[in-house]
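Below is one structure, written out as structure tokens, with a few remarks after it.
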Amino acid sequence: MKYVIFVSMLLVSSLISEELKVKANSFEADQKTGVSIFKGKVNVIKANDELNASKVTIYSDKNNQPTKFIAEGNASFSIVTEEGIPYKGKAQKVIYLPNKKEYHFYKNVHLRQINEKKEIIGEEVVLKTIDGTARAIGGKDEPVIMIFNMPKDEKK
């Protein structure tokens, strides 16, 4: 399958001087509304962050700066916070708000901190990459699950 590689000056010109690279099977945009839609094996890379999904919609402001990313359909991701903490995971829907540097994950969320054995499983998880804080909400019949690696007790 041929990938459409789109590195638009509208989207790349900022994001704090970081390059934004989007690969997808198809692309459509409306400059008047500031909406760009990428479909089919979408891969988005910005600095150390990577997002993969079936569909990614990027909303831009009047200055052509991205204000919101919505990834839908078996989304997987790799994120590094500003403190350098790496996370990987998956969800059915991901919303990234670049101005707040927040990721919102929805439905079947599995978020794992790579450098330590810490994992969050839930229906809604918010990760703030500025300070590395997270919060989670379980589903109607499912609780939030937290998994930690505990050191062994040494008996004397």
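Readers should treat all values here as calculations from the given coordinates under stated rules, not as data from a laboratory. Just so you know, these numbers come straight off a predicted model, no measurement behind them. All Cβ positions, glycine included, derive from the backbone under ideal geometry; neighbour counts span all protein chains shown.
A few remarks follow.
- Cβ-to-Cβ counts within 10 Å put 27, 77, 38 in ascending order as 27, 77, 38, the fewest first.
- Long pairs among 41/100; 88/118; 21/68; 101/140; 68/128, criterion Cα-Cα beyond 21 Å: 41/100; 101/140
- Counting beta carbons within 10 Å around each of 124, 18 and listing the fewest first gives the order 18, 124.
- Annotation note: GluC sites (Glu not before Pro) in region 78-107 located in DSSP loop regions with a Cβ neighbour count of at most 14 within 10 Å are 82, 83.
- The alpha-carbon of residue 23 sits under 19 angstrom from the alpha-carbons of these aspartates and glutamates, leaving out residues fewer than 8 places away in its chain: 49, 50, 72.
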